[in-house]
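Colleague: Can you keep this structure in mind? I'll have questions shortly.
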Amino acid sequence: MTDAQQVLPAHLGVAATRYGPMIFPRGDVWVGRSLALYGEYSEGETALFHQILRPGDTVVEAGANIGALTIPLGRLVGSTGRVLAFEAQRSIHSVLTANILLNGLEHVWAERVAVGDRAGSITVPRLALSAVGNFGGVSVGSETGDECPMRTLDSYALDHLKLIKIDVEGAESEVIDGAAETIRRLRPILYAENDRREKSPGLISRIMDLGYRLWWHVVPLYSAANYRGDSNNVFGNVASFNMICIPRENGSSVGDSVEILSPDATYPR
C-alpha cells in the first residue's frame, strides 16, 4: 500500500478495505472519508447484496462513483459473472477504472455513460479530484462541464440481469424509463436510492407500474462492525434512503423492512 501511495498525487489516497485496495479523493467528505477511516462504505448495502447475488450473476450499477460498492459487487458475482458499472463524471470514472484494475476484476466493465431515458449526450459538472466536497452528490444536466454520452439501459439488449442498482442523484426515474423493456423482460431485482421527497412519488409509481413490490432500505453510513473496528462514529445518524424492489410474481418479502404501499409513502424514521 505504501508503494501505491508513492505514485499517486497528494490529493488521492489509497485505503486497505474489506474488499481490496481502493483509491479515493482525500477531499471526498462521505465515500472517501469512510474508506479512509473504516475500510468500507455503506456496508449495509453490500450485506443485502450478499443475500441476492450468486457467482455468475449479471449486475448493472448506474452511478458507480469511485467503485466503493462496485468492487464488492464484482467479488460477489465472481469471474463468471458480470458487472456493468456506469459513471458519468470524467475524473471519478478514471478513479473507478483504476480501482477495478487494482483489484484485478476483469469481469467488471466501467463505462463513462450517463444512463437515462434517451440516447444522446448530457453535460456533467466538473469537480476537480483535488477539491473538498461530496463527489457522490453531483447531478448531471448542468450548463457547464464535460459532455458525456447518454444511453438507455434497453439499448444494451442484455440477456441476463439479476440486479439493477441505481444511485444517480435524482435521475433514478429516468434510468427506470430507459430500462423498462429490459425490466419487463428479465425481471431483475431493483435497488434504487430515494432521498428526494419531491421526486419520490414519481419514482415509486414507475416501479409499481412495472409489477414490483417495494420496501425501504435505510443504511447508516457508520457501522459499529466496520472493517477497522473503529468505535468512533464521525458520521452520526447520517444514512442513505434506498428501496429494494422485487417482482410481485416472486412472492418474496424483505424481512422486517417497511413495505411501500403507495406512491405517497412517507420516509421511515
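No value in this document is a laboratory result; all are computed from the given coordinates. The model shown is predicted, which means the values in this text are computed figures rather than measured ones. Positions of Cβ are backbone-derived with ideal geometry, glycine not excepted, and every protein chain shown enters the neighbour counts.
Colleague: Among Pro55, Tyr19, Val132, which residue has its Cα positioned farthest towards the positive end of the charge dipole of the stretch 1-148, with +1 placed on the Cβ of Lys and Arg, -1 on the Cβ of Asp and Glu, and the dipole taken about the Cα centre?
Modeller: Tyr19
Colleague: Would you compute the Debye intensity of the stretch 28-70 from its alpha-carbon atoms alone, equal scatterers and no solvent, and pass along log10 I(q)/I(0) at q = 0.25, 0.26 Å⁻¹ to two decimals?
Modeller: Rounded to two decimals, the profile gives -0.97, -1.01.
Colleague: Taking other Cβ within 10 Å of each residue's Cβ, how do Arg185, Arg26 sort, fewest first?
Modeller: Arg185, Arg26
Colleague: Could I ask something else about it? Determine the equivalent ellipsoid of the stretch 124-219 by diagonalising the alpha-carbon gyration tensor, then write out the semi-axes as square roots of 5 times the eigenvalues, largest first, rounded to whole Å.
Modeller: Working: eigenvalues 133, 59, 30 Å².
Ellipsoid half-lengths, sorted descending, are 26, 17, 12 Å.
Colleague: Here's another thing I want to ask about it. If each DSSP helix of 4+ residues adds -39,500 (n - 2.57) and the sum is divided by the residues in the chain, what number results at 222 nm, nearest 500 deg cm²/dmol?
Modeller: -7000 deg cm²/dmol
Colleague: While we're looking at this one, here's another question. Please rank Val83, Val218, Val138, fewest neighbouring Cβ atoms within 10 Å first, as an exposure proxy.
Modeller: If I rank by nearby Cβ atoms, fewest first, I get Val218, Val138, Val83.
Colleague: With only alpha-carbon pairs counted, each pair once and no self-pairs, how large is the Kirkwood hydrodynamic radius of the chain in angstroms?
Modeller: One over the average 1/r among Cα pairs gives 18.8 Å for the chain.
Colleague: At q = 0.20, 0.23 Å⁻¹, what is the base-10 log of I(q)/I(0) for the stretch 1-96 according to the Debye formula with one equal point scatterer per Cα and no solvent? Please give it to two decimals.
Modeller: Debye output, listed in q order: -1.01, -1.24.
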